[in-house]
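**Student:** The structure that follows is given in the form of structure tokens.
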Amino acid sequence: MVAIVRKAWRQLTSMRTALVLLFLLAVAAVPGSLLPQRGVAIEKVNDYLKNNPGAGPWLDRFYFFDVYSSPWFAAIYLLLFTSLVGCILPRLRTQAEALFRPLPDAPARPERLPVSRTFDGTAEDFAARLKKARYRVAIRDGAVSAEKGYLRETGNLLFHSALIVLLVGVALGSWYGWHGNRLIVAGPDGEFCNTLQQYDEYGLGARVGASDLPEFCVRLDSFKASYLDSGQPLSFTANVGYLDGAKEGTHRLKVNEPLRLNGANVYLLANGYAPILEYTDKFGRKLTTTVPFLNSDPMLTSSGVAVFPDANLDPATGKREYGQQIGFQGVYLPTKPADPSVGRSAFPTEKDPALMLVAYRGDLGLDNGIPSSVYSLKQSQIDSGRLKPVGEPHMLVPGGEPWKLDDGTTVRFLGTKSWVAVSVRHDPGEPIMLTGAVLLLAGLLPSLAIRRRRVFYRDGQVGALAKNEYPGLGAELDQLLRDKDASEVRV
Amino acid sequence: MSGLSDSLLPVAILVYTLAMLGYAVEYAFSSSRGAPSRQLVTVGAGGPPSRTTEAEPRNRAALGGKIALVLTWLGAAAHLGTIVTRGIAAERMPLGNMYEFVVFGCFVAIASWLGIVTRRPNLRHLGLYATLVVVLLLGIAATTLFTPVGPLVPALDSYWLAIHVTAASISSGVFLIGFVPAVLFLIRNKYERLTAGVPEREVYLKFPVSLGAKLPRSEVLERLTFRIHVFAFPIWTFAGISGAIWAEAAWGRYWGWDPKEVWLFISWVVYAGYLHARATPSVRRTTAIWIAIIGWVTMLVNLFGINFMVEGLHSYAGL
């Protein structure tokens, strides 16, 4: 039994196994770049499943939409890391021993080594030269043994240990990290405070609870974007105000300049327009709403809905006739195209804005408790006839004439506010990852560039050999022998 | 300035192509380098052995090679001019889209090649293959990838562009040059196996193994491949690390399995596999070289496959 375990362990930690596992790791990573991934874009996964009812569920069963958190991917890298640990532990010991073990005696005839020269000087003289060249040197019985280049193996071990540090950093991030996405409309009413309920979408690490989120609030004061004439964006700047604990401040939030708060960072992801609509109901009451519209193209053609569930309530009784709720489905064009039939914005800034509205009256279907999208009306209500279109679609301009519906009620388009979508993130693994990455590179360079070599001297004969491939050994030896000043230095 | 940049690139391609011709002349008229003794026998057996007829084409060949080397330097100067004038025209690092990335990467490839030849002049005739791959890639850049000069999109507007993209481009260029001796090793290795102990006239060699006659010994090519990859690998590692630091600032996470990141990881793992295989005595050198070639294939997939076919956060190709 022990023999079998021992054999399996030796097999696992062998270089061949490690190579196979490395190759498997590379192959296993491929499907994640070709198929949509839940961790990257969940909506694309849902689209894929909808469009491929045959293969989709099967792929899903084998974690092909969660490749990097799948058991088979984890199996490969965990085996690889086990193999890695099994490989470096004995090497750590060997290296520690090598640093303290006395150097071997010089061979009887150093000139037989792969590289050899002659030196007409004493052993002490030669040893001094070696010491100046930072060799580890020992003189015994008039012969010199010297060795250099331990940093190669040290660097190699550091590189591989750094990989383990990276794994720890990833694990810590997935346990204690969290993130959330949120759309913030400009102005004090749009202020967002860091609680789970306020997020449109979020993900918490395995060891994070809702109460662990730090307290802060963020508000969008203004947003500015600039574009080329072609519509290619040049810059996005969101001026935000924040309250972080007791500290208040403002920040220019840009794509590469996140807002770093205590315990979380805020990143700018997207931006758009939120039209402001004012509806005057049968009883003359004015209801106003600001609704963010989502954009569907780089010219910011945006669409969304404005609903007035409290419209047409009788102020005297507080009741409403059934079917008197009102909602609008709209498309907002920041710049109207020259050809009105195009229906898409011609430029992303508000050069010639227009809002196309379709009015619906009836039962919005909001009271049955089923959650629904805030960016579209309930299709089931429209299909069943409980929500009916009113009149023809209508185009409004900001601050322009109101649209009078058939029942005498009116709707006005007052203008727009900007919105930004932000991602709020916290990952305590980051400092560890950075440390690991620095150690990785610090170990990699000497492990590739340095060669371990030994030099021996006996009776005027000098011989050298390198443990690793080292075509420059002869040249190094020549340099060592040529250097006249070195002999004057006695250490 | 942008007009100058756009017209300098065809000049560079043309000069490289002429250099390629020069190398081809050297290649065709030179005696075989790898196995000089065998070649002498062949010449002696093929016609009347006369000193003059043998020496003359050899001189002509060397002249062709020397001219080709000068042309490569001139081409590199025009190439550098393309990059610099484009940077001046755009008022930024000329690494903002796929066209600029490929042009810069090819320049790194040629520069590394010139560096290698300066240190080891006896490899000069391999410039044929080095210029061939660069001319091919630059041709693709000039015809299908070309994007007019423009400012950066906001996501790229960061000093990390100069660090991350430069590192990625430099290591890509060096890996490209490493791919050349890797392939030549396979040809030469096959050639050596087929001709070992057999008089050359008795072996019928098909293309491309027949090219092996004029290649350096397989050990030389193998060692060259290894040293180039050893140089490129840490730069590629640094490209990944700097990319992760930038991604943290731009997208809020250091790693997110974006398709480009996935393929950086795949190439890194494959090249790490090559370095490990090379260091393991029980793994044959041919196997190790094949891993290096697969590494270059993954680099190409990342550059063309991912940019053209998959949408991700790194979709800056400008196509």
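**Student:** Take the Cα atoms of the stretch B:245-295, build their convex hull, and give its volume per residue in Å³.
**Tutor:** Taking the convex hull of the Cα positions in the stretch B:245-295, it is 73 Å³ per residue.
**Student:** If you count, for every residue in B:241-252, the Cβ atoms of partner chains within 10 Å of its Cβ, what is the mean?
**Tutor:** 5
**Student:** Give the Cα extents of the stretch A:334-452 along the principal axes, in whole Å, largest first.
**Tutor:** Principal-axis extents of the Cα atoms in the stretch A:334-452, largest first: 91, 42, 23 Å.
**Student:** Also: Can you tell me the length gained on complete extension of the stretch B:S282 to B:L136, counting 0.36 nm per residue apart and subtracting the Cα distance?
**Tutor:** So the chain would gain 48.9 nm between B:S282 and B:L136.
**Student:** Quick check on the stretch B:212-291: what are the equivalent-ellipsoid semi-axes from the Cα gyration tensor, as sqrt(5λ), descending, whole Å?
**Tutor:** 33, 12, 10
**Student:** While we're here: Keeping every protein chain in place, order B:L9, B:L4, B:L300 by accessible area at 1.4 Å, biggest value first, i.e. largest first.
**Tutor:** B:L4, B:L300, B:L9
**Student:** Could you work out the mean count of beta carbons from other protein chains within 10 Å of each residue's beta carbon in B:257-269?
**Tutor:** 5
**Student:** Can you tell me the alpha carbon radius of gyration of the stretch B:166-319 divided by the globular rule-of-thumb value 2.2 N^0.38 Å?
**Tutor:** So the stretch B:166-319 has a normalised radius of gyration of 1.25.
**Student:** Dipole magnitude of the protein assembly as shown about its Cα centre, charges +1 at Lys/Arg Cβ and -1 at Asp/Glu Cβ only, in debye to the nearest 20?
**Tutor:** 4000
**Student:** How much length is gained if the chain between A:R134 and A:L434 is pulled fully straight, taking 0.36 nm per residue apart and subtracting their Cα-Cα distance, in nm to one decimal?
**Tutor:** 104.8 nm
**Student:** Under the rule that a partner needs its Cβ under 4.7 Å from the first Cβ, which Cys of the protein assembly as shown have none?
**Tutor:** Flagged as lacking a Cys partner: A:C87, B:C106.
**Student:** Next question. Hey, with R₀ at 35 Å, roughly what FRET efficiency would A:M15 and A:E124 work out to, going by the Cβ-Cβ distance, to 0.05?
**Tutor:** Rounded to the nearest 0.05, the efficiency is 0.25.
**Student:** Something else: Students sometimes get this wrong: rank A:D47, A:D407 by accessible area, probe 1.4 Å, all chains present, largest first.
**Tutor:** A:D47, A:D407
**Student:** Please work out how much length the chain gains when fully extended from A:F81 to A:R320, using 0.36 nm per residue of separation minus the C-alpha to C-alpha distance, in nm with one decimal.
**Tutor:** Stretched fully, the A:F81-A:R320 segment lengthens by 79.3 nm.
**Student:** Still on this structure: Percent relative contact order of chain B, based on C-alpha pairs within less than 8 angstrom and at least six residues apart?
**Tutor:** With pairs under 8 Å counted, the relative contact order is 20 percent.
**Student:** Suppose R0 equals 45 Å. What FRET efficiency, 1/(1 + (r/R0)^6) with r the Cβ-Cβ distance, do A:L103 and A:V168 give to the nearest 0.05?
**Tutor:** 0.75
**Student:** What are the semi-axes of the equivalent ellipsoid for the protein assembly as shown, taken as the square roots of 5 times the Cα gyration tensor eigenvalues, largest first, in whole Å?
**Tutor:** Each semi-axis is the square root of five times an eigenvalue, giving 65, 34, 25 Å.
**Student:** For the stretch A:251-304, how big is the tail of P(r) above 14 Å, as a whole percent of Cα pairs?
**Tutor:** 68
**Student:** Here is a follow-up. Just checking the output field for A:423-433: average partner chain Cβ neighbours within 10 Å of each residue's Cβ?
**Tutor:** Rounded to a whole number, the mean comes out at 2.
**Student:** About the Cα centre, and with charges only on the beta carbon of Lys, Arg (+1) and Asp, Glu (-1), how big is the dipole of the stretch B:119-228? Nearest 20 debye, please.
**Tutor:** I would put it at about 460 debye.
**Student:** Let me have the relative contact order for the stretch A:269-357, percent, based on Cα pairs under 8 Å that are six or more residues apart.
**Tutor:** Computed value for the stretch A:269-357: 23 percent relative contact order.
**Student:** Semi-axes, largest first, in whole Å: what does sqrt of 5 times each Cα gyration tensor eigenvalue give for chain B?
**Tutor:** Taking √(5λ) for each eigenvalue gives 39, 24, 14 Å, largest first.
**Student:** Between A:A96 and B:L211, what is the label-to-label distance in nm when each label sits 7 Å out along the Cα-to-Cβ direction?
**Tutor:** If labels sit at A:A96 and B:L211, their model points lie 5.2 nm apart.
**Student:** Taking 2.2 N^0.38 Å as the expected size of a compact globular protein, what ratio does the Cα radius of gyration of the stretch A:186-345 give against it, to two decimals?
**Tutor:** The stretch A:186-345 yields a ratio of 1.31.
**Student:** Relative contact order for the stretch B:166-319: what percent, with Cα pairs under 8 Å and sequence separation of 6 or more?
**Tutor:** It comes to 27 percent, rounded to a whole number.
**Student:** Also, I was wondering about something else. Quick one: angle between helix A:15-29 and the longest Cα principal axis of chain A, in degrees between 0 and 90, rounded to 10, please.
**Tutor:** With both axes taken from Cα atoms, the answer is about 20 degrees.
**Student:** Between A:W72 and B:F146, take the C-beta separation as r, use R0 = 56 Å, and let me know the FRET efficiency to the nearest 0.05.
**Tutor:** 0.85
**Student:** Just to make sure I understand: if all protein chains stay in place, what is the order of B:V269, A:V85 by accessible area at 1.4 Å, largest first?
**Tutor:** A:V85, B:V269
The values are calculated or read from the model by the stated rules, or taken from the named source; none is laboratory data. Just so we're clear, the structure is a prediction, and the values are computed from it rather than from any experiment. For neighbour counting, all protein chains shown are included, and Cβ atoms are generated from backbone atoms with ideal geometry for every residue, glycine included. For the accessible areas, the whole protein counts, side chains as well, though only heavy atoms, and no ligand, DNA or RNA atoms are used. Shrake-Rupley method; radii C 1.70, N 1.55, O 1.52, S 1.80 Å.
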